[in-house]
Amino acid sequence: MRQYAFFLGCIAPNRYPGCEAAAIKTSAKLGIELLPLEGAGCCPAPGAFGAIDLKVWYALAARNLVLAEQMNMDITLICNGCYKSIWEVNHILKHNDELRDGVNEVLAEVDMEFKGSIDVWHLIELYYDEKICGVDKVRASVTHPLTGTRIAPHYGCHLLKPKKERHFGDTENPMWFEELIDALGAESVQYRNKMQCCGAGGGVRGYDLTHSLDITNEKLLNIQEVGADALTEFCPFCQLQYDRGQVEIEEKFGQTYNLPVLHYNELLGLAQGMTPQELALDLHAVDCKPFLEKIL
Amino acid sequence: MAKVKDYGNAELEEKLRDTAYYADDANPQFLEDVKKISRTAANMCFQCGTCTGSCPSAPRSSYRIRLFMRKGVLGLEKEALYDPDLWLCTTCYSCTDRCPRDLAPTDVIMAMRNLAFKIDIVPRNFLKTVQLIYTTGHGVPNNDVNRAAREKLGLPADPPTTHSHPEFIPGIQKIMDFYKMKENADRILAEGEQ
């Protein structure tokens, strides 16, 4: 069993707790134990917070990193936004002495020091990594295959991009997430402009909701075109934008999609035999029933 | 999606009314500041427009990231920082991945937003996030519906974050106070309500 400090972020624990519960239970079956990172806070939100003052963004993200350094454990997380803050600040501070000294000057005020002794991983990359888990192990853990369902993948932005600072390769048409979806017995589908943003990031959801939803609406139209039973992602903020966004889109633009939106961990949970109640799917704004009826 | 762009602030609108360029308007230091904060060589932009072509915000607004790149190079500080479009970037980094000069236009926008905040130009929603993190440690805090749902799942009603460990919140506040961030956010919000 590999152990990781589980950085929760905000939206998973406070809006979609099913993601948190599923991540812990499904990972345990894949040889990954998630331990709570006590006292962690907001990553903080890279778009909404970093936009105001990057220095505070570095310092607050570093505080979260130091908590894991004190546990002497790598961090894993389930949100692209958190990945941008936690992974990127870890990376920058490890390689930029000037910024690290600046951050440590602030952290000294709270008796902390950033040492750069740990690494940060998105749970989805641990699942895909052959050395840690791998697609075959994911497939072997499935007891209730999602046979007969067509599922649209959404990669989101901040895990893969900007590609020159990341290690995920192609960002124009990656296919690795599809392998993980297919491993659950489902059929992943391709759609137009797959890599487009969900529209929520950068503080735009709060700044101009109509603009933000218009981007989401374009994605939903493209997915509707190929006929998918559900959309899956590995970012609770994208999930919020697609899920609650569909209600808002109906109000604002009069378009209805009824497309269930599930975090990959929620899908994996279903495929490993967890019930919809164990995943709190009733908290989703879009009814998941049509999708569940196909698999249960 | 067509709409009138404005900040709802008569004084600012007056400042923005004259849009002709004069050499006096240029501030070369602006480009240097942008380069330092963004950690990208913004002066290398040759205005090909790949960034705007890749931008999900461009087709539905007047936001043109290439324009901001140009304003940075020309040192047109006010033109760039006063434009409400500055806040329409979703930070998707598509432009950064495709830039043929290997620049990071997204980070240029982030740097410009940082500079705008220094002169009190910032949308209210950004400041509200600051206040929430300052008081709870979370940008999106827990609520009662969610607490009940968490308990049903066998999770603690409050996650093992600052929500269960409020003793960590003063540390977060100290870090934010070091940069006077909360103070500035409160002041800007209060001034906006007058």
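Tabulated results
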quantity: Index of the failed condition, A:Gly203 passing every other in (1) surrounded by 24 or more Cβ atoms within 10 Å (Cβ to Cβ); (2) under 16 Å from the mean Cα position of the chain (by Cα); (3) not polar (S, T, N, Q); calculated: (2)
quantity: Filter result (touching a helix residue (DSSP H, G or I) at 6+ places or on another chain (Cβ under 9 Å), more than 22 Å from A:Asp182 (Cα to Cα), free of Cβ contacts under 8 Å to residues at least 60 places away in the same chain and of a type outside the set (A, V, I, L, M, F, W, C)) within region A:245-286; calculated: A:Gly245, A:Gln246, A:Glu248, A:Lys252, A:Gln255, A:Thr256, A:Tyr257, A:Asn258, A:Gln277, A:Asp282
quantity: Yes/no for A:Lys194 being touching a His at 6+ places or on another chain (Cβ under 9 Å), modelled with pLDDT of 95 or more and over 26 Å from A:Cys42 (Cβ atoms); calculated: yes
quantity: A:Cys42 vs. criteria of a type in the set (A, V, I, L, M, F, W, C), modelled with pLDDT of 95 or more and not in a loop (DSSP other than H, G, I, E, B); calculated: no
quantity: Candidate set: region B:37-87, residues that are touching a Leu at 6+ places or on another chain (Cβ under 6 Å) and among the small types (Gly, Ala, Ser); chosen: the one farthest from A:Val56 (Cα to Cα); calculated: B:Ser61
quantity: Verdict on B:Met69 being assigned to a helix (DSSP H, G or I), closer than 25 Å to B:Ala26 by Cα and either more than 13 Å from every other protein chain (Cβ to nearest Cβ) or at pLDDT below 95 (or both); calculated: yes
quantity: Single residue of region B:37-81 satisfying the filter (in contact (Cβ under 8 Å) with a residue 60 or more places away in the chain, surrounded by fewer than 21 Cβ atoms within 10 Å (Cβ to Cβ) and not hydrophobic (A, V, I, L, M, F, W, C)) that is farthest from A:Leu54 (Cα to Cα); calculated: B:Ser61
quantity: Test: residue in region A:16-25 that is surrounded by fewer than 22 Cβ atoms within 10 Å (Cβ to Cβ) and at pLDDT 95 or above; calculated: yes
quantity: Total residues in region A:230-256, condition part of a strand (DSSP E or B) and within 16 Å of the chain's Cα centre (by Cα); calculated: 3
quantity: Residue within region A:112-122 that is surrounded by 14 or more Cβ atoms within 10 Å (Cβ to Cβ), touching a helix residue (DSSP H, G or I) at 6+ places or on another chain (Cβ under 6 Å) and more than 30 Å from B:Asp177 (Cα to Cα) present; calculated: yes
quantity: Meets criteria (surrounded by fewer than 22 Cβ atoms within 10 Å (Cβ to Cβ), more than 11 Å from every other protein chain (Cβ to nearest Cβ) and at pLDDT below 95) for A:Met71; calculated: no
quantity: Residue match in region B:150-172 (condition: of a type in the set (Phe, Trp, Tyr) and touching a helix residue (DSSP H, G or I) at 6+ places or on another chain (Cβ under 8 Å)); calculated: no
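Here is a yes/no grid of residues against (1) at the interface with chain B (Cβ under 10 Å from one of its Cβ atoms); (2) closer than 25 Å to A:Gly9 by Cα; (3) hydrophobic (A, V, I, L, M, F, W, C):
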{"position": "A:Gly185", "(1), (2), (3)": "no, no, no"}
{"position": "A:Tyr191", "(1), (2), (3)": "no, no, no"}
{"position": "A:Gly201", "(1), (2), (3)": "yes, yes, no"}
{"position": "A:Thr210", "(1), (2), (3)": "yes, no, no"}
{"position": "A:Ile215", "(1), (2), (3)": "yes, yes, yes"}
{"position": "A:Ala230", "(1), (2), (3)": "no, yes, yes"}
{"position": "A:Arg244", "(1), (2), (3)": "no, yes, no"}
{"position": "A:Leu268", "(1), (2), (3)": "no, yes, yes"}
{"position": "A:Leu279", "(1), (2), (3)": "yes, yes, yes"}
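A quick yes/no check of all residues on (1) out of contact with any helix residue (DSSP H, G or I) (no Cβ under 6 Å at 6 or more places or on another chain); (2) farther than 22 Å from A:Cys197 by Cβ:
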{"site": "B:Ala41", "(1), (2)": "yes, yes"}
{"site": "B:Cys55", "(1), (2)": "no, no"}
{"site": "B:Pro59", "(1), (2)": "yes, no"}
{"site": "B:Phe117", "(1), (2)": "yes, yes"}
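The values are calculated or read from the model by the stated rules, or taken from the named source; none is laboratory data. Quick caveat: nothing in here was measured; it's all calculated off a predicted structure. Neighbour counts run over all protein chains shown; Cβ positions are idealised from the backbone, glycine included.
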